[in-house]
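Student: Next up is a structure, given as structure tokens.
The values are calculated or read from the model by the stated rules, or taken from the named source; none is laboratory data. Remember, predicted model here, so these are calculated numbers, not experimental data. Virtual Cβ from ideal backbone geometry, glycine too; neighbours counted across all protein chains shown. Surface accessibility is based on the protein's heavy atoms, side chains included, excluding ligands, DNA and RNA. Shrake-Rupley method; radii C 1.70, N 1.55, O 1.52, S 1.80 Å.
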Amino acid sequence: TLPENNWLPAYKVYGEGIFFELRTDLLDKWGQRPEVCSYMEKIYNRLEKRRITLDLSLVNPKSIALHTLAHLIIDELSLTCGYNAASLRERLYVHDNQSGILIYTSSGDVEGTFGGLVRMGKVKNFFPVVNRALEKAKWCSSDPVCSEIGKEAGQGFNGLNGAACHNCSHLPETSCELGNIYLDRTLLIDEQIGLFKNL
């Protein structure tokens with residue numbers, strides 16, 4: 001833009017979404033547990049052997065758990081609220097003091113707002129969706145292969161995923177801001193290290 005211009009191009013979209021946060025202090029405490037650190041160390045070693053430069057803002061227990069949770073919830077919402085998974089998107093807010101997920105849909109006209117997604121954001125509707133998503137995450141139709149390969153060798157592009165495949169955790173390309181990488185169901189539901197193991 002020219003220096004004398006004091007405006008930026010923009011466009012208006014209509015949509016709806018659900019934003020929720022997990023308690024950052026509890027996520028950080030979970031991520032520092034010895035068994036979680038040991039699991040992550042295996043991931044770091046595996047990626048270093050493949051000479052993959054690690055972005056520690058993306059490859060850490062909190063980021064991977066939130067990203068995977070977003071995928072699982074989008075998949076469950078698409079079955080419940082009437083939008084297909086390709087029209088729902090994620091936006092992750094993960095930083096030292098942030099642990100938020102925005103699941104939204106938008107389009108260039110008012111047809112993009114049906115209200116179904118907002119309705120699912122009510123407490124009485126949202127928590128059953130989360131519970132069903134986590135319950136489904138305990139078993140992938142490719143298990144035990146998905147879980148075992150995920151824990152041992154990694155899978156997906158450059159082995160950047162753990163227990164996550166097209167049958168359990170991947171979304172359409174338009175939905176995922178990270179290209180279906182940095183996903184791992186193990187960090188959510190594993191009986192030893194899972195964030196939601198007691199759910």
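Student: Relative to 2.2 N^0.38 Å, what does the C-alpha radius of gyration of the range 70-180 come to as a ratio? Two decimals please. Let's see the in-between values first.
Tutor: Numbers: Rg = 15.0 Å, N = 111, 2.2 N^0.38 = 13.2 Å.
Scaled against compact globular proteins, the figure is 1.14.
Student: Could you sort the peptides 22-31, 46-55 by per-residue average Cβ neighbour count (10 Å cutoff), highest mean leading? Mind showing how you got there, number by number?
Tutor: Numbers: 22-31: 14.6, 46-55: 11.5.
Those peptides, ordered most packed to least, come out 22-31, 46-55.
Student: From Cα coordinates alone, what are the radius of gyration and Dmax values for the chain in angstrom?
Tutor: Looking at the chain, its Cα Rg and Dmax stand at 17.9, 61 Å.
Student: Which net charge results for the neighbourhood of GLU76, defined as the other residues with beta-carbon distances under 10 angstrom from its beta-carbon, given Lys and Arg at +1 and Asp and Glu at -1?
Tutor: 0
Student: Using Cα centres only, tell me the gap between the range 1-55 and the range 150-199 in whole Å.
Tutor: Answer, in whole Å: 14.
Student: While we're looking at this one, here's another question. Scanning the chain for helices, which whole DSSP H stretches are 20 Å or more long along the axis (Cα) and average -0.5 or more by Kyte-Doolittle?
Tutor: Numbers: long enough: 34-49 (22 Å, -0.90); 61-80 (28 Å, 0.71); 123-137 (21 Å, 0.08).
The answer, listed by residue number, is 61-80, 123-137.
Student: What does the net charge come to around ASN97 if you take all other residues with beta carbon closer than 10 Å to its beta carbon, with K and R at +1 and D and E at -1? Mind showing how you got there, number by number?
Tutor: Working: positive: none; negative: ASP25, ASP28, ASP96.
Once all neighbours under 10 Å are counted, the net charge is -3.
Student: Keeping every protein chain present and rolling a 1.4 Å probe, give me the accessible area per residue for the chain in Å².
Tutor: Values: 11260 Å² over 199 residues.
With all protein chains present, the chain gives 57 Å² per residue.
Student: Let me ask something additional. If you roll a 1.4 Å probe over the range 1-93 with all protein chains in place, what percent of the accessible area is carbon or sulfur?
Tutor: Values: 3010 of 5630 Å².
C and S fraction of accessible area: 54 percent.
Student: Something else about it: Relative contact order, percent, of the range 35-168 when contacts are C-alpha pairs under 8 Å separated by at least 6 residues?
Tutor: Working: 123 pairs, mean separation 24.9, N = 134.
Result for the range 35-168 is 19 percent.
Student: Mind checking which of GLY100, GLY150, GLY179 has the largest fluctuation in a GNM of the chain, springs on alpha carbons under 10 Å?
Tutor: GLY179
Student: Per residue, what volume in Å³ does the convex hull of the Cα atoms of the range 144-199 enclose? Working shown, then result.
Tutor: Working: hull volume 4.9 nm³, N = 56.
Cα convex hull per residue, to the nearest whole number: 88 Å³.
Student: Something else now. Please list, or write none, the lysines whose alpha carbon is within less than 18 Å of the alpha carbon of LYS151, excluding same-chain residues fewer than 8 places away.
Tutor: Hits, sequence-local ones excluded: LYS42, LYS49, LYS62, LYS138, LYS197.
Student: Moving to a separate point now. Once you keep just the Cα pairs under 8 angstrom separated by 6 or more residues, what percentage relative contact order results for the range 33-98? Mind dumping the intermediate values first?
Tutor: Details: 24 pairs, mean separation 15.7, N = 66.
Once normalised by length, the contact order is 24 percent.
Student: Once you put a point 7 Å from the Cα of LEU58 and another 7 Å from the Cα of ASN84, both along the Cβ direction, what distance in nm separates them?
Tutor: 2.7
Student: What is the percent carbon and sulfur in the accessible area of the range 105-199, measuring with a 1.4 Å probe over the protein chains and ignoring ligands? Can you show the working numbers first?
Tutor: Numbers: 2790 of 5060 Å².
Carbon and sulfur together cover 55 percent of it.
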